[in-house]
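Only one structure is covered here, and it is reproduced in the block below.
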2 protein chains.
Amino acid sequence: MQITSLQNPKIKKAVKLRKRKERDESCLFLIEGYRELSRANLKGVEIVELFTCPDLFLKTNEKKLIDKIGCENTYVCIKSVFEKISYRDRPDGLLAIAKQKRLDLSYLEKEIKKLKKPFFLVAESIEKPGNLGSILRSADGVKVDAVIVCDACTDIFNPNVVRASVGTLFTQPVIETTTEKLIAFLKKENIKIASATPHAEEIYTEIDLTSPLAIIVGSEQYGLSKKWMTLCDIKMKIPMKGIADSLNVSAATTLLLYEVLRQRNER
Amino acid sequence: MQITSLQNPKIKKAVKLRKRKERDESCLFLIEGYRELSRANLKGVEIVELFTCPDLFLKTNEKKLIDKIGCENTYVCIKSVFEKISYRDRPDGLLAIAKQKRLDLSYLEKEIKKLKKPFFLVAESIEKPGNLGSILRSADGVKVDAVIVCDACTDIFNPNVVRASVGTLFTQPVIETTTEKLIAFLKKENIKIASATPHAEEIYTEIDLTSPLAIIVGSEQYGLSKKWMTLCDIKMKIPMKGIADSLNVSAATTLLLYEVLRQRNER
């Protein structure tokens, strides 16, 4: 089916899904872009509607991906229509409505037995979708066993999380839970809690990060909450030689994650 | 003087400076926020107009800073007016119009003699102001001798660069030049050119980064240009153990910068 009108109700529905309220009520969300959709498809994310715009395709692989997804409700849009539903600077002619699938701590409670040396990233109250997405991308880079989002401010299905994560939101387990539950779980499983604070004495590259580990990072504005900070087994400092007292949260997270990789000598 | 009208020409002028064309023509730009303005003030950035909104102040330090800046053209705005000129989520009641001051390669040609072991960060064609700002923040964290922006896509005086850099745009030399001129300079000064590419064999933590060094990072979309890539003295790989083939550019830059710091054993 071809969509040529900006007033088409399917187009209006797609635009509405940029809003959290609409996503929460429908349990649907948006995935835009070739890489993002490929990764979602690879991991079995359920696509309910697929909008395409062949005029905007960059290569010739798009058709293969569309066939692979095999969505019954696939629509070809004219350019002006696609540009209305697109939320990126350079639309590549692929945008889907997909079903949300959420994991909670029970997933980890089952999986934990399979992990030899657990390595988790915990993101507490991250506010900016771009930061959360970029953190997910770095977590994929080191292949953590899970990303755990606790006391979330940002909806993990925000289109900017999907975009900044370049689809790595789908390729790793992303658990949503509360600080309280998570602390109990980590303590029970003897997983060390590590975080960066300017008040620590030891530098992150000089502290042993090779044990079962959860790296905890906090919000852009307030840093890590007291609840976590008082419970930390490992406090470490990132050197700040200039005038600023901290890095961007996703930059700091990346440093800590890759330091674990370096120390564990895994490639 | 108090400003109570959204139609006040000074307010309109401030809003206009969000646009590049207006900044280029006037050689002015916007600085919003306490930390950003403190850092600009510390480094002698010339403030031509200062807008304040005491209702939005967070602490009591604002008045001290306003006195320190001592700008003749300081205006008190009512909340609705200040919110019109503010471009952040949580305005803190301070926004200034400042004079742009740009540095070109001649600055480095003079300064280079003073540097024992030069350490530069080169950002080529970064597109997103948020990324450029975050890169500046990390560069400040390791205290590079200069950040060199070449073949710029993003205006370094874009308000989002100022914001994401948390004012570190002002606290370090930021040079603007072309790739061609910069390559000639680095070669002449025997500064090694290092960059990350997925095609490299050695991992960034296992390669010697202790010599006079310029780390080069490229655009979000296309990576580093061929011009730079063919000239690289040091090519290194960031391990990507997941499904994605690269990190966010500011995350990758931070990793490389801090690895230099670790190897040089500087704190």
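The values are calculated or read from the model by the stated rules, or taken from the named source; none is laboratory data. Just so we're clear, the structure is a prediction, and the values are computed from it rather than from any experiment. Quick reminder, even Gly has a Cβ in these numbers, built from the backbone with ideal geometry, and neighbours come from all protein chains shown.
Values for this structure:
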item	result
Residues of the range A:158-177 satisfying the condition of being touching an Asp or Glu at 6+ places or on another chain (Cβ under 9 Å), polar (S, T, N, Q) and away from chain B (no Cβ under 13 Å)	A:Thr177
Filtered residue count, the range A:192-204, keeping only those that are within 19 Å of A:Arg262 (Cβ to Cβ) and surrounded by 21 or more Cβ atoms within 10 Å (Cβ to Cβ)	4
Residue within the range B:185-193 that is modelled with pLDDT of 95 or more, within 11 Å of chain A (Cβ to nearest Cβ) and in a helix (DSSP H, G or I) present	no
Output for the range B:218-242, where each listed residue is β-branched (Val, Ile, Thr) and either under 21 Å from B:Lys116 (Cβ atoms) or at pLDDT 95 or above (or both)	B:Ile234, B:Ile238
Complete set of residues in the range B:23-47 that are surrounded by 15 or more Cβ atoms within 10 Å (Cβ to Cβ) and farther than 28 Å from B:Lys59 by Cβ	B:Arg23, B:Ser26
Condition check for B:Gly133: modelled with pLDDT of 95 or more, touching a Phe, Trp or Tyr at 6+ places or on another chain (Cβ under 9 Å) and part of a helix (DSSP H, G or I)	no
Positions within the range A:90-129 being charged (D, E, K, R), surrounded by 15 or more Cβ atoms within 10 Å (Cβ to Cβ) and either touching a Phe, Trp or Tyr at 6+ places or on another chain (Cβ under 9 Å) or in the same structural domain as A:Phe57 (by TED's automatic domain parsing) (or both), in sequence order	A:Asp92, A:Glu124
In the range B:212-267, residue nearest to the other protein chains (Cβ to nearest Cβ) [restricted to those that are assigned to a helix (DSSP H, G or I), small (Gly, Ala, Ser) and in contact with a strand residue (DSSP E or B) (Cβ under 9 Å, 6 or more places away or on another chain)]	B:Ser250
Only one of B:Val48, B:Val81, B:Val76 that is touching a residue at least 60 places away in the same chain (Cβ under 8 Å), assigned to a strand (DSSP E or B) and farther than 18 Å from B:Gln172 by Cα	B:Val76
Leading residue by the ranking (nearest to the chain's Cα centre (by Cα)) among those in the range B:110-157 that are within 12 Å of chain A (Cβ to nearest Cβ) and of a type in the set (Lys, Arg)	B:Arg137
Among (1) in contact with a Ser or Thr (Cβ under 6 Å, 6 or more places away or on another chain); (2) under 17 Å from B:Glu124 (Cβ atoms) - the single one B:Ala252 does not satisfy	(1)
Residue among B:Leu50, B:Leu17 that alone is surrounded by 13 or more Cβ atoms within 10 Å (Cβ to Cβ), in contact with a Cys (Cβ under 7 Å, 6 or more places away or on another chain) and closer than 21 Å to B:Ser165 by Cβ	B:Leu50
